[in-house]
Amino acid sequence: MEIRYLKDMLNVLADKNFVKSANNLELYYMNRGVEEKNGLRYDVTIVPAVMLGKEFNKTKGHYHFQNWQEIYTVLEGQAIYLMQKRNVSGEISDVYAVKTEKGESIIIPPGYGHVTINPSETNALKMSNWISPDCKSDYSDFEKFGGACYYYILENGEAKWIKNKNYKSTPELRFEEPLKSLPENLDFLKHG
């Protein structure tokens, strides 16, 4: 099991005041290679219900090299998957979020960076993913720009999206629907 600590996430968080005074918390747990089947790797990740100051707990965020895809399924709790796509000049050309419940899935399309958010203050998120073991992750844009192009925060008791001002231009956030079940054939995940 690999643990992502607060110290690993300092430069991708919205609430810089929280970062200054927080202890080095365990933010999420990645169990990679729980199973391998038909040339794909099955992972399980647990994201506890921890507030990062004003921001809901989340994963660090990454892009996949080349055109790899990945599929996630919520096993327990809820998740919001935030997807963002860069254009050739490195600016964000598209951004959308998918709210998912237990049993629902989401496919990460080619070329999209993604962050998973646990939108609960009380319930842990447990999710699984299928991915090619050949797929590699690139965290550099998220580190360079201080996280994704939107943050999901809690302010005055209200959950809301705010733009990350480190990006030059960010499209308006749109919302898509999750898949109600996994596709039967996951062979599309084998090729980048």
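Listed values, structure above:
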quantity	calculated
Computed over the range 2-169: relative contact order in percent, which uses C-alpha pairs under 8 Å that are six or more apart	27
For Val50, distant residues with modelled amide H under 5 Å away	Asn57
In order through the range 93-108: 3J(HN,Hα) via Karplus (6.51 cos²θ - 1.76 cosθ + 1.60), integer Hz, x for Gly, Pro	9, 7, 8, 8, 10, 10, 8, 10, 10, 3, x, 8, 10, 9, 9, 7
Using θ = phi - 60° and Karplus 6.51 cos²θ - 1.76 cosθ + 1.60, couplings along the range 178-192 (whole Hz; Gly, Pro as x)	x, 7, 7, 7, 5, x, 5, 10, 9, 4, 4, 7, 7, 10, x
Gap separating the Cα centres of the range 107-148 and the range 159-192, nearest whole Å	9
For the range 8-97: rounded, prolate or oblate by the Cα gyration tensor [a/c cutoff 1.5]	oblate
Paramagnetic reach from Thr122 (point 7 Å along Cα→Cβ, amide N under 12 Å) across the range 8-52	none
Inter-label distance, nm, simple model (7 Å from Cα along the C-beta direction), Lys20/Glu155	1.8
Charge dipole of the chain about the Cα centre (unit charges at C-beta), most positive-ward option of Ser21, Ile131, Leu186	Ser21
Where GluC sites (Glu not before Pro) in DSSP loops with at most 10 other Cβ within 10 Å are excluded, longest remaining stretch of the chain	1-171
Cα gyration tensor shape of the range 2-169, rounded if a/c is under 1.5, else prolate or oblate by comparing a/b with b/c	oblate
For the range 125-139, Karplus couplings with θ = phi - 60° (6.51, -1.76, 1.60), whole Hz, Gly/Pro x	9, 10, 9, 10, 8, 10, 7, 6, x, 7, 6, 10, 9, 10, 8
Prolate/oblate/rounded label for the range 49-113 (Cα gyration tensor, a/c 1.5)	oblate
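None of the figures in this text is laboratory data; all of them are computed from the coordinates on show. Quick caveat: nothing in here was measured; it's all calculated off a predicted structure. Cβ coordinates were reconstructed from backbone atoms using ideal geometry, including for glycine residues, and neighbour counts include every protein chain displayed.
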